[in-house]
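Engineer: One structure follows; several queries about it will come next.
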Amino acid sequence: MRFLLDAEQTEFGRTLDRLLTAAGTPGTVRAWSSGDHGPGRALWTRLGETGVFALAVPEQYDGAGLLPVELAVAYTELGRHGVPGPVVETAAVARLLAGLPDAAKEWLPQIAAGDALVSLGVDGSYVLDADAADAVFVVTGDELRLASGHGPLVPSADPARRLHSPAAGGTLIARGPEVREAAARAADLATFLTAAQSLGVGLALLHRTVEYAKQRAQFGTVIGSFQAVKHRLADALVGLEFARPLLFGAALSLAPEDIAAAKVTAGEAAYAAARAALQLHGAIGYTEELDLSLWLRKARPLRDAWGTPAACRAKVLDA
């Protein structure tokens, strides 16, 4: 099936691309990895001004309504530029609180405007960037609490994904079966947006590797002319292009099994692109100074975040 964006959606993606290119996200990612959240918070504000976070917030709370296609466009660009921070989790919290009106009034307008950076943990999961968040929401069973703090930093393959264990206790916000239902919808949205991020990461890795293959010479010939290199890059491209329609198909249905299919396909395609990029860049692919490393480190954690490949395949098969 072929999915085509309309002119407004296409221009929205281009606007985000221009904004993030001008912002110099590699420097922002490195600062975030070291615990300096200033540049990341400044970029967050600019993203809020473009309406990225409003796309997950209902209109009655100053949002644009839940617009999955536009969210897919936006989060693909966020992944392609390697934007750090709990961008997925903030949108998931918006989805969670939208199903709990009593808890929505305080936070959703702030999320829509980009004034609040929040994170989310569900049933014992680690919380991303809890040290930078204005609030950490934790769902345990049928209870939603506002965490009182966060635990120590947990090592991650991607230094820009700063994981913490949420602190025990905290302020009770809501309790009941509606919390569990809202959390399930929030988790589905987080899975969907992580798939979009993965697609963007894979596209960035492929683009950078193609450009390198056009310049790097070996035996007096650019390596991009070698058949083996062409095949490796073509395989990476095919994987990403197969993931794209699954992502936009999931945007139209928001069915959990469609989201799971998009997540596993995009995650595996991005990971394959990362492996190809690492091999074709040779020894310099390992260097921390090369910006490529910022994307190489994202592919594997995103593949497993908000639904491992095994869990996603099981959900598709169960459906």
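Engineer: On the basis of being outside any loop (DSSP other than H, G, I, E, B) and buried (at least 24 other Cβ atoms within 10 Å of the Cβ), does Ala311 make the cut?
Structural biologist: For Ala311, the condition - outside any loop (DSSP other than H, G, I, E, B) and buried (at least 24 other Cβ atoms within 10 Å of the Cβ) - is not met.
Engineer: Name the pairs: first residue in the range 144-165 and assigned to a loop (DSSP other than H, G, I, E, B), second residue aliphatic (A, V, I, L, M) and modelled with pLDDT under 90, Cβ to Cβ under 8 Å, at least 6 apart or on different chains?
Structural biologist: Pairs that qualify, where the first residue is assigned to a loop (DSSP other than H, G, I, E, B) and the partner is aliphatic (A, V, I, L, M) and modelled with pLDDT under 90, are Ala147/Ala167; Ser148/Ala167; Gly149/Ala167; Arg162/Leu153.
Engineer: In addition: Out of all the residues in the range 61-102, which are closer than 22 Å to Gly40 by Cβ and touching a strand residue (DSSP E or B) at 6+ places or on another chain (Cβ under 6 Å)?
Structural biologist: Matches in the range 61-102: Pro86, Glu89, Thr90, Ala92, Val93.
Engineer: Same structure again: Which is surrounded by fewer than 21 Cβ atoms within 10 Å (Cβ to Cβ) and either touching a helix residue (DSSP H, G or I) at 6+ places or on another chain (Cβ under 9 Å) or at pLDDT below 95 (or both), of Asp123, Asp129?
Structural biologist: Result of the check over Asp123, Asp129: Asp123.
Engineer: Looking only at residues in the range 52-79 that are small (Gly, Ala, Ser) and at pLDDT below 95, which one is surrounded by the fewest Cβ atoms within 10 Å (Cβ to Cβ)?
Structural biologist: Checked the range 52-79; the qualifying residue surrounded by the fewest Cβ atoms within 10 Å (Cβ to Cβ) is Gly65.
Engineer: Also, quick follow-up: Checking Ala190 against (1) small (Gly, Ala, Ser); (2) farther than 21 Å from Asp318 by Cβ; (3) touching a residue at least 40 places away in the same chain (Cβ under 8 Å), which single condition isn't satisfied?
Structural biologist: Exception for Ala190: condition (2).
Engineer: Residue pairs, Cβ under 8 Å, 6 or more apart or interchain, first in the range 70-91 and on the phi > 0 side of the Ramachandran plot, second buried (at least 24 other Cβ atoms within 10 Å of the Cβ) and charged (D, E, K, R). List them.
Structural biologist: Hits for this filter: Gly82/Lys298; Gly85/Asp129.
Engineer: Can I ask one more? Within the range 148-163, does at least one residue satisfy the condition of being within 18 Å of Ala94 (Cα to Cα), surrounded by 15 or more Cβ atoms within 10 Å (Cβ to Cβ), in contact with a strand residue (DSSP E or B) (Cβ under 8 Å, 6 or more places away or on another chain) and at pLDDT 90 or above?
Structural biologist: No; the residues of the range 148-163 include none that is within 18 Å of Ala94 (Cα to Cα), surrounded by 15 or more Cβ atoms within 10 Å (Cβ to Cβ), in contact with a strand residue (DSSP E or B) (Cβ under 8 Å, 6 or more places away or on another chain) and at pLDDT 90 or above.
Engineer: Which number in (1) over 26 Å from Ala266 (Cβ atoms); (2) part of a strand (DSSP E or B) marks the one condition that Val179 misses?
Structural biologist: (2)
Engineer: How many residues does the range 286-307 hold that are in contact (Cβ under 8 Å) with a residue 40 or more places away in the chain and out of contact with any His (no Cβ under 7 Å at 6 or more places or on another chain)?
Structural biologist: Qualifying residue count, the range 286-307: 14.
Engineer: While we're on this one: For Ala22, work out the one condition from (1) in a loop (DSSP other than H, G, I, E, B); (2) among the hydrophobic types (A, V, I, L, M, F, W, C); (3) more than 15 Å from the chain's Cα centre (by Cα) it doesn't fulfil.
Structural biologist: (1)
Engineer: Now for a different question. Report whether or not Ala103 is of a type in the set (Gly, Ala, Ser), surrounded by fewer than 16 Cβ atoms within 10 Å (Cβ to Cβ) and part of a helix (DSSP H, G or I). Break it down stepwise before answering.
Structural biologist: Working: of a type in the set (Gly, Ala, Ser): yes; surrounded by fewer than 16 Cβ atoms within 10 Å (Cβ to Cβ): no; part of a helix (DSSP H, G or I): yes.
Answer is no for this residue.
Engineer: If the requirement is being within 28 Å of the chain's Cα centre (by Cα) and either more than 19 Å from Ala103 (Cα to Cα) or surrounded by fewer than 18 Cβ atoms within 10 Å (Cβ to Cβ) (or both), which of these qualifies: Ala187, Ala196, Ala228, Ala183?
Structural biologist: Only one candidate qualifies: Ala196.
Engineer: Moving on. How many residues are part of a strand (DSSP E or B) and more than 15 Å from Pro152 (Cα to Cα) when one looks only at the range 122-139?
Structural biologist: Final tally of qualifying residues: 5.
Engineer: Right, next: Go through the range 164-179 and count every residue that is loosely packed, with under 15 Cβ neighbours inside 10 Å and within 30 Å of Asp258 (Cα to Cα).
Structural biologist: Residues flagged as loosely packed, with under 15 Cβ neighbours inside 10 Å and within 30 Å of Asp258 (Cα to Cα) within the range 164-179 amount to 4.
The values are calculated or read from the model by the stated rules, or taken from the named source; none is laboratory data. Because the structure is predicted, anything quoted here is derived from the model rather than measured. Every residue, glycine as well, gets a Cβ built from its backbone with ideal geometry; the counts of neighbours run over all protein chains shown.
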